[in-house]
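Written out below as structure tokens is the structure these notes cover.
No lab work stands behind these numbers, since they all come straight from the coordinates. The structure displayed is predicted, hence computed values, not measured ones. When we count neighbours, we look across all protein chains shown, and the Cβ atoms used for this are built from the backbone with ideal geometry, even at glycine.
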Amino acid sequence: MKLLITGAHGKVGRATSAAALAAGHRVTGVDLARPSFDRPDPDAPRYQQADLTDPGSAFALLARTRFDAVIHAAAIPEPTGNPPHVVFHNNLMGTFNLLEAAVRFGVPRFVHVSSETVPGFFFPERPFAPDYLPVDEEHRVAPQDPYALAKAFGEQLCDAAVARSDIKAITIRPSWVQNDDNYAHNLGPQLRDPDAPSAGFWAYIAVEDSADALLLAAASELPGHEVFYIASPDAASTLTLPELLERQGLADTIPLRPLDRPDAGGISIAKARRLLGYDPKRSWRDHLDERGEPLR
């Protein structure tokens, strides 16, 4: 496939570009960093600098090449490091402009990287609890913060695009993405202290599994617009989800539905397994011991 991957210098975009090249796809990477005038690495993807909040830049990207799919991973990744209006404008208008260009230039497939946070947890200003666990695609969407709100609106933009054109869209809602070098920093504290709250209900995903899911979405022929949660198959804890909720005093507050497996986290990936062929292989146990310390 000819793929346009935005956010190519970010955590998810970088891993997805590498996985796409390894699979033999032709990749154009897009990000805000300036390109260099050095001799290009023959193994690296073609790179294009673009600010997707500028509609002309978004249209210029897609006018040059007939892409088989766009994987839109570019975004400010959380709402606390920038003013709210900056987060909202960047993340929503980048999606709007790129999707509008994809529709007008007849791109067959658009993969929108959304977020596990769209139901309203992780960054709420007022207390929020899910209606049930594990959270799945049928859970209500009630975001409070500008990051989750922009992601939720991006999903609505995909609905509108498939309603007015022949484009196929898939939204991927990844849980907390982990690199090889940050498992201990991010997940170690909650492994050592099972009484510590977990904003994502002990769900996480290996960046390599997120890349696999995005490439499956780019190749998918599913009609319309489908939304999928993706996560690693196990919880980032040595305890089970029922045990963790009991320790948090939430067992009588949050209804618990059947788990995909006994050690599953708080996000269900059953739909992605069923319709997308998603089959995550990685675990925090590949990197950490049960005290959250690196294995090597």
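Observations
- Förster radius 35 Å - calculated FRET efficiency between Leu239 and Glu125, Cβ distance, rounded to 0.05: 0.75
- With distances taken between every two different alpha-carbon atoms, the stretch 38-94 has a Kirkwood hydrodynamic radius of 13.5 Å.
- Each of Thr53, Thr171, Thr253 has some number of other Cβ atoms within 10 Å of its Cβ, and from fewest to most they run Thr253, Thr53, Thr171.
- Its DSSP H runs of at least 4 residues, each contributing -39,500 (n - 2.57), put the calculated 222 nm mean residue ellipticity of the chain at -10000 deg cm²/dmol, to the nearest 500.
- By the count of neighbouring beta-carbon atoms within 10 Å, fewest first, Trp284, Trp202 end up ordered Trp284, Trp202.
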